[in-house]
1. Which length gain, in nm to one decimal place, applies between residue 10 and residue 61 when the Cα-Cα distance is subtracted from 0.36 nm times their residue separation?
2. Would you rank 60, 195, 15 by solvent-accessible area, highest first, keeping every protein chain in place and using a 1.4 Å probe?
3. Above 21 angstrom, tally the Cα pairs of the stretch 13-124 and express them as a % of all pairs, no decimals.
4. Work out the FRET efficiency for residue 144 and residue 190 from their Cβ-Cβ distance, taking R0 = 25 Å, and round it to the nearest 0.05.
5. With the Cα gyration tensor of the stretch 44-102 giving a ≥ b ≥ c as the square roots of its eigenvalues, does the rule (a/c under 1.5 for rounded; else a/b larger than b/c for prolate; else oblate) give rounded, prolate or oblate?
6. How would you classify the chain from its alpha-carbon gyration tensor, with a ≥ b ≥ c the square roots of the eigenvalues: rounded for a/c under 1.5, else prolate if a/b is greater than b/c, otherwise oblate?
7. Can you give me the solvent accessible area of residue 25 with a 1.4 Å probe, rounded to the nearest 10 Å²?
8. Give me the distance between the Cα centres of the stretch 49-128 and the stretch 1-38, rounded to whole Å.
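The values are calculated or read from the model by the stated rules, or taken from the named source; none is laboratory data. In this text, all values refer to a predicted model and were calculated from it rather than measured experimentally. When we count neighbours, we look across all protein chains shown, and the Cβ atoms used for this are built from the backbone with ideal geometry, even at glycine. Side chains included, ligands, DNA and RNA excluded: accessible areas come from the protein's heavy atoms. Shrake-Rupley method; radii C 1.70, N 1.55, O 1.52, S 1.80 Å.
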Amino acid sequence: MILDITESFLYDVNMDPDLGKETCITYLIFDPDELYNDKISLKLINFDLNTSHFLDELRMDSKMEHTLKGVTCLNAPSLFCNMPVNFEFTGIKGFELCILDDKQKKIYKSTSYKLKKGDLRFRLTGKSSLSQYFVVLNLIGNTNAKVCIDFAPNDCIYNDEKNINISYNQYKMENIKNPKWEDFINSCYKERTKMFDFDFVEEYFPLFALRAIKDEK
């Protein structure tokens, strides 16, 4: 099932779900070489997908048709996606990321771009498969950028008020060594980039706006 979540990305993708006593670990998996393309594919694991915008599409799945019977956008539950879900971004003009190690030391990386009014910002967070690193990634898209997800509802867990503690169903990722990632990390720098500057973000994306409200100076 493919869903276009461009305009509802901030609301529909919860990368810090509260699933009970055990801390939920969201994984963000991507190839750093792909970040320089205008089309980027990556995967998220262990996150909540709000369903209120997609009830009709989800009911087309044989499993969800009965489960979502009688559900409306006002009382729609979420799906806990504990299997890798593919995200495909198109129309990307740049990226900025912050990498934190296990000592909370921060390093940054970005490409050169200028914001235009209407440009989109997609912010993703998660632990990498390299256990000591947590990644905050901002993808900057042009005004026609899109993000679609490709997933099977059968690979998700229906999460409603009767099933609030599903932390034991988290996907556990094994730690790996990746020379490409290590080279990428070594190319990062300590200087904070603009999308990690609070004043800059507030000027162009106030109140968590999805689209830039003006051209960058």
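1. Taking residue 10 through residue 61 to full extension adds about 15.9 nm, to one decimal.
2. So the residues, ranked largest to smallest area, are 60, 15, 195.
3. 54 percent
4. With R0 = 25 Å, the Cβ-Cβ based efficiency is 0.15.
5. prolate
6. Judged from the Cα gyration tensor, the chain comes out oblate (a/c at least 1.5, b/c at or above a/b).
7. Counting only protein heavy atoms, the figure is 60 Å².
8. Centre-to-centre distance over Cα atoms comes out at 4 Å.
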